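Undergrad: Before anything else, here's the structure in question.
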Amino acid sequence: MSLVLRPAAARGHANHGWLDSRHTFSFADYFDPAQMGFRALRVINDDIVRPGTGFGMHGHRDMEIVSYVVAGELTHTDTTGSTGVLRRGDVQYMNAGTGIRHSEVNASVSEDVRLLQIWILPPRPGLPPSYRQETVSDADKHNGLALIAGPEGSGAALVTYRDVRVYAALLEAGRALTHPLNPGRGVWIQVVDGHLAVNGVALESGDGAAIESEETIRITAPDRAEFLLFDLD
């Protein structure tokens, strides 16, 4: 079968008190040699950040990082001089390149923040660091695939160096969509909330699926569902 399921329950889990994180692929103290990523997709962390806490200033190099906010508000600061507040519908892109330091803090006294932190391998090392932030509303994602990140010329909200296209979608119950899979490429689907059927295979919240050697991917939502789709070189 050309679809490989990554069940939510099989993910790595780290609860630091202030941060509760589920790791789709190997990350930090969670290591599984069979789960080192999929193509250029290296990390998908489903993070819950508790009120009044956050990620202190820390550094990255040679990684393209996309953060997708599901709920709550997160305050961002980095060494490029960029600052901002990320809310639901906001998508953050950082190219770590030759080096970037940043922090994200949940300034709320009562509300958690939930976000998906995604790392994509760049096409080459030593790229210039950069930061961008865009809003992709629920209306943009409603019953269709909204292109939130992709290479120059793709029409994506955020431009990547890597030839990867990241889509977000909100499907109402009973709705379906299709996505073509071009030769030589692969697709990863990550369910944020709800349930999906992907080429007839059932997925639930937190599940991921790698798909190759298919011409068309058909996605159906038996109930309201939110998901990300990565089309990878």
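The values are calculated or read from the model by the stated rules, or taken from the named source; none is laboratory data. Please read these numbers as outputs of a predicted model, since none were measured by experiment. Cβ placement follows ideal geometry from the backbone for every residue including glycine, while neighbour counts extend to all protein chains displayed.
Undergrad: Would a scan of segment 103-119 turn up a residue that is surrounded by 15 or more Cβ atoms within 10 Å (Cβ to Cβ), within 17 Å of residue 157 (Cα to Cα), touching a strand residue (DSSP E or B) at 6+ places or on another chain (Cβ under 7 Å) and small (Gly, Ala, Ser)?
TA: no
Undergrad: Of all residues in segment 202-233, how many are more than 15 Å from residue 180 (Cα to Cα), surrounded by fewer than 21 Cβ atoms within 10 Å (Cβ to Cβ) and of a type in the set (A, V, I, L, M)?
TA: 1
Undergrad: Further question on the same structure: For segment 170-216, what are the residues that are farther than 24 Å from residue 69 by Cα and acidic (Asp, Glu)?
TA: Looking only at segment 170-216, we keep the residues that are farther than 24 Å from residue 69 by Cα, and these are 174, 178, 180-186, 199-202, 211-216.
If the condition is that a residue be farther than 24 Å from residue 69 by Cα and acidic (Asp, Glu), then 212, 214, 215 are the ones that fit.
Undergrad: Further, regarding this structure: Before we move on, is residue 194 at pLDDT 95 or above, closer than 23 Å to residue 46 by Cβ, surrounded by fewer than 21 Cβ atoms within 10 Å (Cβ to Cβ) and in contact with a helix residue (DSSP H, G or I) (Cβ under 9 Å, 6 or more places away or on another chain)? Even if it seems obvious, please write down each step before you answer.
TA: Details: at pLDDT 95 or above: yes; closer than 23 Å to residue 46 by Cβ: yes; surrounded by fewer than 21 Cβ atoms within 10 Å (Cβ to Cβ): yes; in contact with a helix residue (DSSP H, G or I) (Cβ under 9 Å, 6 or more places away or on another chain): no.
Considered against the rule, which asks whether it is at pLDDT 95 or above, closer than 23 Å to residue 46 by Cβ, surrounded by fewer than 21 Cβ atoms within 10 Å (Cβ to Cβ) and in contact with a helix residue (DSSP H, G or I) (Cβ under 9 Å, 6 or more places away or on another chain), residue 194 comes out as no.
Undergrad: Further, regarding this structure: Output the residue which, of all residues in segment 1-57 that are in contact with a helix residue (DSSP H, G or I) (Cβ under 9 Å, 6 or more places away or on another chain) and assigned to a strand (DSSP E or B), is nearest to residue 69 (Cα to Cα).
TA: Here the residue is 46.
Undergrad: So, one more: Please pick out the residue among 197, 210, 202 that is touching a Pro at 6+ places or on another chain (Cβ under 7 Å), assigned to a strand (DSSP E or B) and at negative phi.
TA: On the way: 210 fails: touching a Pro at 6+ places or on another chain (Cβ under 7 Å); 202 fails: touching a Pro at 6+ places or on another chain (Cβ under 7 Å).
Just one listed residue meets the conditions, 197.
Undergrad: If you take just the strands (runs of 3 or more DSSP E) that sit entirely in segment 89-174, which of them hold at least 1 residues that are in contact with a His (Cβ under 6 Å, 6 or more places away or on another chain) and modelled with pLDDT of 95 or more? First the steps, then the outcome.
TA: Working: elements: 90-95, 100-105, 113-120, 130-135, 146-151, 158-160, 164-171.
Counting at least 1 such residues, we get 100-105, 164-171.
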